[in-house]
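One structure below.
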Amino acid sequence: MRYQITGKQIDIGEALQTHVKAELGETVEKYAQRPTEAVVIFSRNAHEMVCESTIHLSTGLTAQAKGHATEIYAAFESCREKMDKQLRRYKRRLRDHHRDRIVPVEFDGGSSYILAANDDHGDEEPESLQPMIIAEMETKVPTVSVGEAVMQLELAGQNMLVFRNSKHGGVNVVYRRDDGNVGWIDPRNSK
């Protein structure tokens, strides 16, 4: 597994890197076969240390966790425990996903845009109804089943996931609702 361990405006020592590789490697190997890459970022938020980790699995799934503490090792341990809990919760589904899927998850390319927020000009009419594009990026859209999309939503800690439904090839969305449940939008079934 490849590790990318960095710090945002803080120095990461060799001892911390070795500790992260050993502990995170042990946690991930326990639950997921063939992880490909782990990205761990340490940063400071006022008096707190923050550790964010993202693990990419060979099947195309991604797991994310974030931990906070006053010391850097404690922040990593908090993050590792959250990752452990997520992977343990989905262990059976991760292994079944790996067994059922012969090839890795396919990704289609797509464009992602960041639009400028509307400035509140009072009662003035806007000059144009077209929003101003601030940034344009490339994004990946996985081809997975609805169950796999919900699992990816949970593992990555996201609020929304756009995916191509493997049953019919249409673009679908799963999202976290305010009541804690997961919503699924399938435009193909809107007839």
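Cβ under 10 Å from residue 52's Cβ, residue 52 left aside: what net charge do those residues give with Lys, Arg +1 and Asp, Glu -1?
On the way: positive: 8, 66; negative: none.
So the surrounding residues net to +2.
Cα-Cα over 22 Å: which of 30/140; 91/140; 30/85; 30/66; 8/91; 82/167?
Values: 30/140 28 Å; 91/140 24 Å; 30/85 12 Å; 30/66 19 Å; 8/91 32 Å; 82/167 32 Å.
Cα-Cα > 22 Å for 30/140; 91/140; 8/91; 82/167; rest within.
Which order do 56, 68 fall in if you start with the one that has the fewest other Cβ atoms within 10 Å?
Lowest to highest Cβ neighbour count: 68, 56.
For the residue pair residue 179 and residue 14, what label-to-label distance in nm results when each label sits 7 Å from Cα along the Cα-to-beta-carbon direction?
With each label placed 7 Å out from Cα toward Cβ, I get 5.7 nm.
Count the net charge of all other residues whose Cβ sits under 13 Å from the Cβ of residue 157, scoring Lys and Arg as +1 and Asp and Glu as -1. Show your work: numbers first, answer last.
Working: positive: 66, 82, 85, 89, 176; negative: 52, 154.
Once positives and negatives cancel, what remains is +3.
Taking 0.36 nm per residue of separation and subtracting the Cα-Cα distance, what length does fully extending residue 141 through residue 26 add?
Numbers: separation 115, 0.36 × 115 = 41.40 nm, distance 2.97 nm.
My answer for the length gained is 38.4 nm.
Rule-based calculations on the coordinates, nothing more; no lab input. Keep in mind it's a predicted model, so treat the numbers as computed, not measured. Heads up, the Cβs are rebuilt from the backbone with ideal geometry, glycines too, and the neighbour counts pull from every protein chain shown.
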